[in-house]
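A short worksheet on the structure shown next.
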Amino acid sequence: MATYYSDFFDSSGNPTGQYHVGPNCLGLTVTTTAALADGDELHFIELQPGFKLIEAKFYSRDLDTDGSPALAASFGPQSDTDLFGSNLTFMQATQIYAGNWAGDFYGYESSTTENLILEVTTSAATGAAGYVHLALFFTT
């Protein structure tokens with residue numbers, strides 16, 4: 001299992017507090033150095049108590065070269081990695097995936113300090129290294 005971090009973290013996985021910020025929007029990118037495999041984690045940001053999520057938009061390179069099985073992942077806080085989505089397949093092609101889930105995601109408020117991650121749940125048969133970008137809209 002490999003763990004990859006966005007530019008919000010240093011190379012040891014410690015939060016730096018450095019990220020691209022707009023009015024209530026973060027742009028975070030995780031770059032992988034190898035094809036993603038089952039159990040790999042992509043850490044985007046450390047959520048702080050009171051951090052309220054509104055919407056997430058992903059953009060990725062094609063990290064899956066169309067083999068079977070296809071690459072899939074779950075998305076959520078580290079304590080419940082599929083809280084906001086499971087079996088997400090947006091990394092199978094270069095595309096934008098917009099999630100503004102009306103269920104658990106919209107208005108979710110973090111009550112603890114933990115990382116927001118994508119966890120690979122199905123390895124790609126023929127994967128590739130690349131990047132995943134997350135635009136995260138929030139309030140505090």
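The values are calculated or read from the model by the stated rules, or taken from the named source; none is laboratory data. Worth saying up front: this structure is predicted, and the values here are computed from it rather than measured. Here the Cβ positions follow ideal geometry from the backbone for every residue, glycine too, while neighbour counts run over all protein chains shown.
See the values below:
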quantity: Any hit, the range 47-57, residues being at pLDDT below 75 and out of contact with any Phe, Trp or Tyr (no Cβ under 9 Å at 6 or more places or on another chain); calculated: no
quantity: Selected residue [modelled with pLDDT of 90 or more, of a type in the set (Asp, Glu) and touching a Pro at 6+ places or on another chain (Cβ under 7 Å)] from Glu114, Glu41; calculated: Glu114
quantity: Test for Phe105: is it in a loop (DSSP other than H, G, I, E, B) and modelled with pLDDT under 85; calculated: yes
quantity: Condition check for Leu83: modelled with pLDDT of 85 or more, in a strand (DSSP E or B) and either closer than 14 Å to Tyr131 by Cα or within 13 Å of the chain's Cα centre (by Cα) (or both); calculated: no
